[in-house]
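The values are calculated or read from the model by the stated rules, or taken from the named source; none is laboratory data. Quantities reported herein were computed from a predicted structural model and do not represent experimental measurements. Cβ sites come from the backbone with ideal geometry, for glycine too, and all protein chains shown count toward neighbours.
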Amino acid sequence: MKNFKPLIVLASILFAVTLLIPAVLVLPFAQGEANGKLGEDLTKAKAKETSTVSADSAVEVSVYRAAKEKIETVPLENYLVGVVAAEMPADFKEEALKAQALTARTYIVERLRSKKPLGVPKGAEVTDTQMHQVYKSDDELKREWGMDYSWKKKKVLEAVRATSGQIITYKGEPIDASFFSTSNGYTENSEDYWPDAYPYLRSVASPWDKNSPKFYNQQVVSVAQFQAKLGVQLGSGSTIGKIIDRTAGHRVGKVDFNGKILTGKDIRDKLDLKSSDFTWSRKGDNIIIATKGFGHGVGMSQYGANGMAAEGKDYKQIVKHYYQGVQITSAQNMLATITAAK
């Protein structure tokens, strides 16, 4: 018996190990299955990963940086963040920022589809100026926002991603999603400011703009400058010109200067006024010009959008107010076509 004891001990150890190994292998999975945390964590991780994938991520935009005189290729999502941040204050309501993101994406999708040069250098698709849409890079935003960079960037990025892959269409085609800062209480019909009439760019009420800090403005122009810039001659009296027409948006349509007719747009452009809704009076050698609103007045008012958002309207309601008869649709097919063509 003495000779068999080592064999019995060895057999006992092997038997115990044989039982222990499966238990060790199964234990972690059995615990995860029992408390549900393993599956939950994996699901959450996957959902988080999926949520960061943007429908815009596959497209790139070639932007001509005017100040640097060079072309930069930017992922569409980054481009949209740079446009929204440059065109609308980041402290605006989230739904207003979403509406701005939607207009910015609509503009660039149509631009990339049409491939019209429109004054950009070879190899570029847009500039970073008001000729197209103002765009600022991440480095520029860091310098501009300073200590507020983190929360402002997060807020704008969330607005862009909340509308990912969406554009504004009219009868299935991307619209000319024009926008401006502040109305005079109404937006303009497109043909009252530009040559073409668009069925979705109709005059609508925008009462929220009265709360904009840019609603009122006053400029002083000397009589000599006024005459030179407009190419008119004023008499010695207080009469400056006679307004003979107003637009659907309650702006100045036409002014008669002793037989010379100028449009409100002409006068705004030549005198660099904030709006074509103006009144004026003569005081000595100067003309005092008061304006209501800021911008051309066609399309979406940014301060109006923010006012609507403050009242609880979402970005779809905002967009459909300022662009009549439009739909908010997926641009997936258009984005895929753009990507394939590059």
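Brief remarks follow.
- Among the residues of region 207-250, those identified as buried (at least 16 other Cβ atoms within 10 Å of the Cβ) and part of a loop (DSSP other than H, G, I, E, B) are Ser212, Lys214, Phe215, Val232, Leu234, Ile240, Gly241, Thr247, Gly249, His250.
- From the options Ser212, Ser222, residue that is modelled with pLDDT of 95 or more, under 33 Å from the mean Cα position of the chain (by Cα) and of a type in the set (Ser, Thr, Tyr): Ser212
- Filter pass, Val134 being crowded, with 18+ Cβ neighbours inside 10 Å and not hydroxyl-bearing (Ser, Thr, Tyr): no
Residue-by-condition table, conditions (1) at pLDDT below 95; (2) more than 20 Å from Tyr193 (Cβ to Cβ); (3) among the β-branched types (Val, Ile, Thr); (4) surrounded by fewer than 16 Cβ atoms within 10 Å (Cβ to Cβ):
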residue: Val252; (1), (2), (3), (4): no, no, yes, no
residue: Asp256; (1), (2), (3), (4): no, no, no, yes
residue: Ile261; (1), (2), (3), (4): no, no, yes, yes
residue: Ile267; (1), (2), (3), (4): no, no, yes, no
residue: Lys270; (1), (2), (3), (4): no, no, no, yes
residue: Asp277; (1), (2), (3), (4): no, no, no, no
residue: Lys283; (1), (2), (3), (4): yes, yes, no, yes
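- Among the residues making up region 66-93, those that are assigned to a helix (DSSP H, G or I) and within 22 Å of Gly119 (Cβ to Cβ) are Leu76, Tyr79, Leu80, Gly82, Val83, Ala86, Glu87.
- Members of region 277-334 that are of a type in the set (S, T, N, Q) and either more than 27 Å from Thr163 (Cα to Cα) or touching a Pro at 6+ places or on another chain (Cβ under 6 Å) (or both): Thr279, Ser281, Asn286, Thr291
- Neighbours by Cβ (under 6 Å, 6+ apart or cross-chain): first from region 82-110, on the phi < 0 side of the Ramachandran plot; second assigned to a loop (DSSP other than H, G, I, E, B) and among the aromatic types (Phe, Trp, Tyr): Gly82/Tyr135; Val83/Tyr135; Ala86/Tyr135
- Residue check for Leu112: hydrophobic (A, V, I, L, M, F, W, C), in the same structural domain as Glu69 (by TED's automatic domain parsing) and under 26 Å from Gln327 (Cα atoms): yes
- Selection within region 124-136 - assigned to a loop (DSSP other than H, G, I, E, B) and either among the small types (Gly, Ala, Ser) or touching a residue at least 12 places away in the same chain (Cβ under 8 Å) (or both): Ala124, Glu125, Asp128, Thr129, Met131, His132, Gln133, Val134, Tyr135, Lys136
This table checks each residue for (1) in a helix (DSSP H, G or I); (2) over 21 Å from Arg65 (Cα atoms).
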{"position": "Leu102", "(1), (2)": "yes, yes"}
{"position": "Arg105", "(1), (2)": "yes, no"}
{"position": "Lys116", "(1), (2)": "no, no"}
{"position": "Lys122", "(1), (2)": "no, no"}
{"position": "Leu141", "(1), (2)": "yes, no"}
{"position": "Ser150", "(1), (2)": "yes, yes"}
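- All positions within region 152-175 that are in a loop (DSSP other than H, G, I, E, B) and either over 15 Å from the mean Cα position of the chain (by Cα) or farther than 18 Å from Arg105 by Cα (or both): Lys171, Gly172
- Some residue of region 304-320 being farther than 30 Å from Ala124 by Cα, among the charged types (D, E, K, R) and buried (at least 22 other Cβ atoms within 10 Å of the Cβ): no
- Residue within region 73-83 that is modelled with pLDDT under 65 and either touching a Lys or Arg at 6+ places or on another chain (Cβ under 6 Å) or assigned by TED's automatic domain parsing to the domain that holds Thr163 (or both) present: no
- Condition met for Thr291 (at pLDDT 95 or above and within 17 Å of Tyr193 (Cα to Cα)): yes
- Looking at region 266-342, the helices (runs of 4 or more DSSP H) lying wholly inside it that each contain 2 or more residues that are farther than 23 Å from Thr169 by Cα sit at 302-310.
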